[in-house]
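What follows is a short report on a single structure.
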Amino acid sequence: MIIVPATTGQMGVLPGHVPTIAELKPGVMTVHEGTDVSKYFVSSGFAFIHANSVADVIAVEAVPVDHLDSNLVQKGLAEFTQKLGSASTDLEKAEAQIGVDVYSAMNSALTG
Amino acid sequence: MASAGAAGPFWRAAGMTYVSYSNKCASMVRNCLKEPHRSEALDREKVHFSISKWIDGKPEKPCKFLIFFLLSSPPFFLLGFLFIE
């Protein structure tokens, strides 16, 4: 079973899942293989679940959660929160918001 | 699944494409990796391309570029455009 971070919320996928295309938000993808659990942080992307119970998860970056450095995450979160406060144009606000979203997700992945 | 007729995600409302959004997120994740994964990942971010201007049907001498991060609105690329909601 896998749990993917879809934009509409955490989505669990088991064999026999209805064919779906889900857009992913930055977050943790959990893979349960028997009793083994592995967690990967996915930067964004898509999950395609096919009718034959094959699921593809496509992401630009997907890293095991223990490859993330929590100091860098904290620093980045503080930096982007500050940028969000001082942003003026729409594009700057959007970029700062993306930063806050991604870094908070990484933060919860590390602390959760 | 968003409400019909909504402006969509905030980044699209601000004029960003999905590809730029996705690449920005990926770049942020790469910057938070521990060594040695970080240097390997940042290498993956590098893009090499070569551009030549065409005048009167003939190409001028091409100039090579190496950029470290794809700009939000690269004028040189025809990116696959995926419309989300």
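Counting residues in segment A:40-50 that are among the hydroxyl-bearing types (S, T, Y), over 21 Å from A:I98 (Cα atoms) and more than 9 Å from every other protein chain (Cβ to nearest Cβ) gives zero. Exactly one residue among B:F68, B:F49, B:F83, B:F77 is at pLDDT below 75, away from chain A (no Cβ under 14 Å) and over 27 Å from A:L68 (Cα atoms), and that residue is B:F77.
Within the bounds of segment A:53-60, is there any residue that is within 13 Å of chain B (Cβ to nearest Cβ), surrounded by 14 or more Cβ atoms within 10 Å (Cβ to Cβ) and part of a strand (DSSP E or B)? Let's see the steps before the verdict.
First pass over segment A:53-60, keeping only residues within 13 Å of chain B (Cβ to nearest Cβ): A:58-60.
If we keep only those that are surrounded by 14 or more Cβ atoms within 10 Å (Cβ to Cβ) as well, we get A:59-60.
Then keep just the ones that are part of a strand (DSSP E or B); that gives A:59.
So far as segment A:53-60 goes, yes, one or more of its residues are within 13 Å of chain B (Cβ to nearest Cβ), surrounded by 14 or more Cβ atoms within 10 Å (Cβ to Cβ) and part of a strand (DSSP E or B).
Restricted to segment A:61-92, and to residues that are within 9 Å of chain B (Cβ to nearest Cβ) and touching a residue at least 40 places away in the same chain (Cβ under 8 Å), which residue is surrounded by the most Cβ atoms within 10 Å (Cβ to Cβ)? The extreme case among them is A:L68.
Identify all residues within segment B:19-36 that are crowded, with 19+ Cβ neighbours inside 10 Å and more than 7 Å from every other protein chain (Cβ to nearest Cβ); write none if there are none.
Quick first cut of segment B:19-36, residues crowded, with 19+ Cβ neighbours inside 10 Å only: B:20-30, B:32-33.
Those that are crowded, with 19+ Cβ neighbours inside 10 Å and more than 7 Å from every other protein chain (Cβ to nearest Cβ): B:S20, B:S27.
The values are calculated or read from the model by the stated rules, or taken from the named source; none is laboratory data. Fair warning: this is a prediction, and the values are worked out from it, not measured in the lab. Ideal geometry is used to build each Cβ from the backbone, glycine not excepted, and the neighbour counts take in all protein chains shown.
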